[in-house]
1. Of the residues D:A46, D:A95, D:A87, D:A32, only one is hydrophobic (A, V, I, L, M, F, W, C) and either within 16 Å of ligand 1 (Cβ to nearest atom) or over 30 Å from D:A137 (Cβ atoms) (or both); which?
2. Does region B:146-163 include one or more residues that are touching a strand residue (DSSP E or B) at 6+ places or on another chain (Cβ under 7 Å), buried (at least 24 other Cβ atoms within 10 Å of the Cβ), among the acidic types (D, E) and more than 14 Å from chain D (Cβ to nearest Cβ)?
3. How many residues does region C:1-50 contain that are touching a residue at least 60 places away in the same chain (Cβ under 8 Å) and touching a strand residue (DSSP E or B) at 6+ places or on another chain (Cβ under 9 Å)?
4. Among the residues of region C:23-39, write down those that are within 15 Å of the chain's Cα centre (by Cα) and either near ligand 5 (Cβ under 9 Å from one of its atoms) or surrounded by 24 or more Cβ atoms within 10 Å (Cβ to Cβ) (or both).
5. State the number of residues belonging to region D:100-119 that are surrounded by fewer than 17 Cβ atoms within 10 Å (Cβ to Cβ), part of a loop (DSSP other than H, G, I, E, B) and within 16 Å of the chain's Cα centre (by Cα).
6. Please specify each residue of region C:122-159 satisfying the condition of being surrounded by 23 or more Cβ atoms within 10 Å (Cβ to Cβ) and part of a loop (DSSP other than H, G, I, E, B).
7. Scanning for something part of a helix (DSSP H, G or I), farther than 27 Å from B:V135 by Cβ and in contact (Cβ under 8 Å) with a residue 24 or more places away in the chain, does region B:8-28 turn up at least one residue?
8. Looking only at residues in region B:243-253 that are surrounded by 14 or more Cβ atoms within 10 Å (Cβ to Cβ) and not hydrophobic (A, V, I, L, M, F, W, C), which one is modelled with the lowest pLDDT?
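The values are calculated or read from the model by the stated rules, or taken from the named source; none is laboratory data. Everything quoted here is computed from the prediction, not taken from an experiment. Neighbour counts run over all protein chains shown; Cβ positions are idealised from the backbone, glycine included.
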Amino acid sequence: MKKIINNVDNIVPEMISGLVRTNSNLVRQIPDTTAVVRNDAKFSEEKQVGIVSGGGSGHEPLHAGFVGDGMLSAAVAGQIFTSPTPDQIYEAIKAVDSGEGVLLIVKNYSGDVMNFDMAKEMAEADDIKVESVLVDDDIAVENSEFTQGKRGVAGTVFVEKILGAAAREGKSLEELVKLGQQVIANTKTIGISLRAATVPAVGHPGFELKDDEIEFGIGIHNERGYSIEKIAPSKQLAQQLVDKIMGDFDETEGKYAVLVNGMGSTPLMEQYIFANDVLDLLKEKNVTVDFSKVGNLVTSLDMLGVSLTITKVDNEWIKWLNEPVETIGW
Amino acid sequence: MKKIINNVDNIVPEMISGLVRTNSNLVRQIPDTTAVVRNDAKFSEEKQVGIVSGGGSGHEPLHAGFVGDGMLSAAVAGQIFTSPTPDQIYEAIKAVDSGEGVLLIVKNYSGDVMNFDMAKEMAEADDIKVESVLVDDDIAVENSEFTQGKRGVAGTVFVEKILGAAAREGKSLEELVKLGQQVIANTKTIGISLRAATVPAVGHPGFELKDDEIEFGIGIHNERGYSIEKIAPSKQLAQQLVDKIMGDFDETEGKYAVLVNGMGSTPLMEQYIFANDVLDLLKEKNVTVDFSKVGNLVTSLDMLGVSLTITKVDNEWIKWLNEPVETIGW
Amino acid sequence: MTITLEQATKWINLFIEKLEQNRSTLNELDTAIGDGDHGTNMDRGAKAIKEALAKKTPADLSELFKTVAFAIIQKVGGASGPLYGTAFLDMSKEAKSESDLAKLIGVGSDGIKRRGQSDVKMKTMIDVWDPTSQALANGQLTKEDVNNYLNSTKDMVATKGRASYLEQKSKGHLDPGSQSSAYLFDALLEAMGA
Amino acid sequence: MTITLEQATKWINLFIEKLEQNRSTLNELDTAIGDGDHGTNMDRGAKAIKEALAKKTPADLSELFKTVAFAIIQKVGGASGPLYGTAFLDMSKEAKSESDLAKLIGVGSDGIKRRGQSDVKMKTMIDVWDPTSQALANGQLTKEDVNNYLNSTKDMVATKGRASYLEQKSKGHLDPGSQSSAYLFDALLEAMGA
Ligand SMILES: Nc1ncnc2c1ncn2[C@@H]1O[C@H](COP(=O)(O)OP(=O)(O)O)[C@@H](O)[C@H]1O
Ligand SMILES: Nc1ncnc2c1ncn2[C@@H]1O[C@H](COP(=O)(O)OP(=O)(O)O)[C@@H](O)[C@H]1O
Ligand SMILES: [Mg+2]
Ligand SMILES: [Mg+2]
Ligand SMILES: [Mg+2]
Ligand SMILES: [Mg+2]
């Protein structure tokens, strides 16, 4: 394992420190936590529903990179691939509540769900109105009542962008919960990996793939996927993902937003080639793409791979997706 | 070699197509070229010096990712690690000239210098005023009259940002040339690599490093560096670069801008840890940092590593560095 | 069988030791069917408990469990943080009026079920906690028993936690949380036996 | 010795063949002391020349060289594009009134020096072009000579082009541009010998 780090145990605090010190116009750190909160001039004067997200680290720029006017109010970073603790989330909730309540955007992992729930209980004891939405966009796993349900992955950024813009516009906590649930219900993602991520404390990739193998349906924490296949040209990889995702929608009518997301070590060059193929394939299917985005937004440490997210959108969502924001990573 | 591509020969056109199609509000492609030019509403009405940069591909988001209001007017992409051809550069010059002349920002590589020179000669035959500045910020190589001189690397984005903002403000071609030369003279970079980049047509990393080795002073095209050492904690790596770069300035007085740049496959997490160490070390030296930036800005395909750029700045430069821009990658 | 403050303190200290020694074993188990951090998480918890206990020696059983619970909740995170945290928090409440070991572990086990919305046979730590509390109630828990509970998770298909995403492929691996729970109850037996 | 359109066409076609066959050799040489693309660059040039010649058969030597020059300038890029392009462009101008082979190659060599602001002993293609033009002027160029010129670059320290960044470490490797130039002149000898 070759990484530019100091001590494995200090990775998260040092990372957050580096992020905050190089972006002090945008964010500040909540003392004694690894949570960051908006630090722009507008923030202190604003009365809007606070939007808090967070989760394990290793997915940068998610979530701290999306804190800023028009997106998240605060983000809480846990240890690598590990949900943050309730007390840190609770501090973030308190830091962003302006009396309008706070919405938690939680990726559907048992750890995140439980820790955010405990934080919610703590904040409610302080009479802060707190609601949450659970992002579960990863259609690579079956959604069954006998399991944990689907995972929350790259689609989370679309949820954060749309809810952040809607909150800035003055939508109420209840409206935002409903909107969030709608966006999540219309957001579908599948990821592929050419090489697993190396968790620093483990020191080797989370799973092994041969030189000519690619795994379909992986999660963002080295969760294994649904099949291993021979690596193929980008167009064929795109074909499989587009077919699966669009097949999961009831129809191809309407308007769609597309996110091609790099998993950490895959260069932008390859992401654009893949995006080009995705747009070709959607065009063949007569799917109208009204918003698209490419880049490392929800990474998995140094994983090699990409994920494709498609959201069925309405006009207002497109407006919210397009609205400018002041963040590190959007 | 595991890459998400189709045909090695189509990488650049497919990448540019993907980039343009997913960012059509910002950029358009010049027909029959792999050059992109601003496509925002403001552009057509504007009268300012056109700023054109370009070079071999494989450094994304450089340069196309920096095209937009307040930064580059156009960018020309060559094949991977290969300077673009004069006819493409010439088309980009013509597309951005509004009568105020055009400034070329060229990284100091013999190929780039020669191709941009030929394009300049072509445009001058059309009576377009064209000037160029040569970025040579890589202090890892000696600057001697007997060699090609220093290379242009990550510092290029600071040059593009400052000149782009100054051009938007209405500075003349002559003023911009002078400003550009000043910025370049005050910009110093060194890069380190933990694993070389794999050029797709070659299929294996450009040089071999052992599992515990790191190379200091590499260029952005797999140019070898000045020494191979054992991998060490981030803080020690930062120490060597900070000492070398600050030692190359005459003084530590004044104000400085810092760029920690990821080489392509190194996650943001590690870049922030490294940036945190750099800021600590500069503080120890009483160096005032008034602007800092972290991210994958000038990459080298899938190279593992980072580079550190430090620019001695004045107040106006800081203002220009901070000014908002509408680009894909800044 | 009741447990004294002294025994419980020994228990927790032995648990801390085992967690520190087996950090990489737990990480490896979690790499196979999870995300590779269970050892790191529990080791962080172990250090937090040690620090908290060094700061202030608990006056009674309830306070000891509360100290353990808070250290875990505030430092572990992930799934195991709230789960172990809730178990010890509920045990702390129960210990105000109860020192029967079987009852206490039963309350902890129920806390995990509540927090995790889970039950036995889902390939989680409950598959160690639940039968352990029952065996204690019957007055006959051995290390071999604990080991059997742990091994029983091997052939289960996970339906809760990260391993559940693997569906059938989660079979054939021990559940990491069950392994750390086995350390917990091995430590308990060692502490009680002395 | 003069060169005819027929011979020159054969020359260029043989050059194209060699470039296509040795793409990876050139890439490997350029990987050692450059950026690994010289083979890809020249192969792209070869294909562009082929296409241009297929579109329109040149009427004379000057037009042939011009076609080659434009194809290279517009398709190769990098350092080798402007260098080979300028060489053939200058040779095209010269060929309007001159068909002496030594003179033509001499003009091409000078074009490279001008464009590259370089000269012999800098470990560039000039170390093949310059002695080749001189040997031709003396009427005695052999494949062995060309090979010697190429090999002479091995122990040079590069002072121009990408390899110059390596300073002393550029020693011990053949210059990739000299290798492609050696193919060019091997092709020339084959074409003239027939
Ligand atoms: N819903 C749940 N109910 C009970 N136990 C659970 C549940 N989810 C996870 N676990 C336990 O937690 C363990 C994983 O803990 P850990 O790796 O620390 O957290 P994470 O899964 O967040 O990385 C699993 O092995 C399992 O025993
Ligand atoms: N200034 C120069 N003068 C003469 N030849 C040069 C010069 N710079 C580079 N070359 C030649 O070009 C070759 C490299 O070409 P190529 O790899 O295609 O371009 P690049 O260096 O831009 O990747 C070198 O091997 C050398 O022979
Ligand atoms: Mg985890
Ligand atoms: Mg090149
Ligand atoms: Mg885990
Ligand atoms: Mg080259």
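1. Going through D:A46, D:A95, D:A87, D:A32 in turn, just one is hydrophobic (A, V, I, L, M, F, W, C) and either within 16 Å of ligand 1 (Cβ to nearest atom) or over 30 Å from D:A137 (Cβ atoms) (or both): D:A32.
2. Yes, region B:146-163 has at least one match.
3. Looking only at that region, the number is 4.
4. Within region C:23-39, the first condition is being within 15 Å of the chain's Cα centre (by Cα), and the residues that meet it are C:23, C:26, C:38-39.
Scanning region C:23-39 gives C:L26, C:H38, C:G39.
5. Taking region D:100-119 and keeping what is surrounded by fewer than 17 Cβ atoms within 10 Å (Cβ to Cβ), we get D:100, D:114, D:117, D:119.
Remaining after also requiring part of a loop (DSSP other than H, G, I, E, B): D:117, D:119.
Adding the requirement that they be within 16 Å of the chain's Cα centre (by Cα) leaves D:119.
Looking only at that region, the number is 1.
6. Those that are surrounded by 23 or more Cβ atoms within 10 Å (Cβ to Cβ) and part of a loop (DSSP other than H, G, I, E, B): C:M122, C:K123, C:T124, C:M125, C:L141, C:T153, C:A158.
7. First, the residues of region B:8-28 that are part of a helix (DSSP H, G or I): B:8-21.
Now drop any that are not farther than 27 Å from B:V135 by Cβ, which leaves B:8-10, B:14, B:17, B:21.
From the residues that got through so far, the ones that are in contact (Cβ under 8 Å) with a residue 24 or more places away in the chain too are B:8.
Looking for residues that are part of a helix (DSSP H, G or I), farther than 27 Å from B:V135 by Cβ and in contact (Cβ under 8 Å) with a residue 24 or more places away in the chain, one finds at least one in region B:8-28, hence yes.
8. Looking only at region B:243-253, we keep the residues that are surrounded by 14 or more Cβ atoms within 10 Å (Cβ to Cβ), and these are B:244-246, B:249, B:252.
After this cut, where a residue has to be not hydrophobic (A, V, I, L, M, F, W, C) as well, the list is B:244, B:252.
Numbers: B:K244: 97, B:T252: 90.
If we take residues in region B:243-253 being surrounded by 14 or more Cβ atoms within 10 Å (Cβ to Cβ) and not hydrophobic (A, V, I, L, M, F, W, C), then B:T252 is modelled with the lowest pLDDT.
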